[in-house]
Amino acid sequence: MAAWSSGDRASHVGLWSVLARAAFLPDVPTALRESPGLLWDLDCPWSLSVAAPHSETTFSILGNTGCAMIVLAACWLAMDSLPRLRKMFWPVVAVGSMSLTVYVLHIVGIAYLLRVMGIDSAGEDGSLSMLLGFVVATSTFAVLWLRAFQRGPMEVLMGRITDLARHIL
């Protein structure tokens, strides 16, 4: 069984528990009807109807996907309608246009810090200055690379691999 802290329980009870208390859902176990703090039981089929944050149920995933789509649409509209905004956020756009390369660089950078320099970026040594260092380094690399080339190196490699697969199939 999983339950939240008392502060979270009051604000994230969910529609299904309200319906269960009103006896609209007679198959909901009595323990769930009587305990407003117990949000879901992993063995109970009704646990899939919880829309609480981080519950990873169907409604939670649908709600999170909907919110992400709204944010993406708003960013897209803002970038299309405001050209100055695009210039101001060019480093973010550059990093986003070569995201696979940036992910690989982060992994290589973390491995370098851990194995060569002995700094654990996930432990107590990981700090805000390390985060800012990664952000500045990857943003600078992305902007400089995209001034000379159209795509990031990993994106070019993946493009070549998919072209090769297209010719094979």
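Some values worked out for this structure:
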{"quantity": "Qualifying residue in the stretch 58-74 (condition: among the small types (Gly, Ala, Ser), farther than 30 Å from Pro153 by Cβ and at pLDDT below 90)", "calculated": "yes"}
{"quantity": "Pairs with Cβ under 8 Å, 6+ apart, first in the stretch 135-160 and among the aromatic types (Phe, Trp, Tyr), second open to solvent by less than 60 Å² (accessible area, probe 1.4 Å) and not in a helix (DSSP H, G or I)", "calculated": "Trp145/Met98; Trp145/Gly152"}
{"quantity": "So Val93, is it open to solvent by less than 50 Å² (accessible area, probe 1.4 Å), assigned to a helix (DSSP H, G or I) and at pLDDT below 95", "calculated": "yes"}
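The values are calculated or read from the model by the stated rules, or taken from the named source; none is laboratory data. Note that the structure is a prediction, hence the values are computed from the model and not measured. Don't worry about glycine lacking a Cβ; one is built from the backbone with ideal geometry, like all the others, and counts go over all protein chains shown. These accessible areas exclude ligands, DNA and RNA; they are computed on the full protein's heavy atoms, side chains included. Shrake-Rupley method; radii C 1.70, N 1.55, O 1.52, S 1.80 Å.
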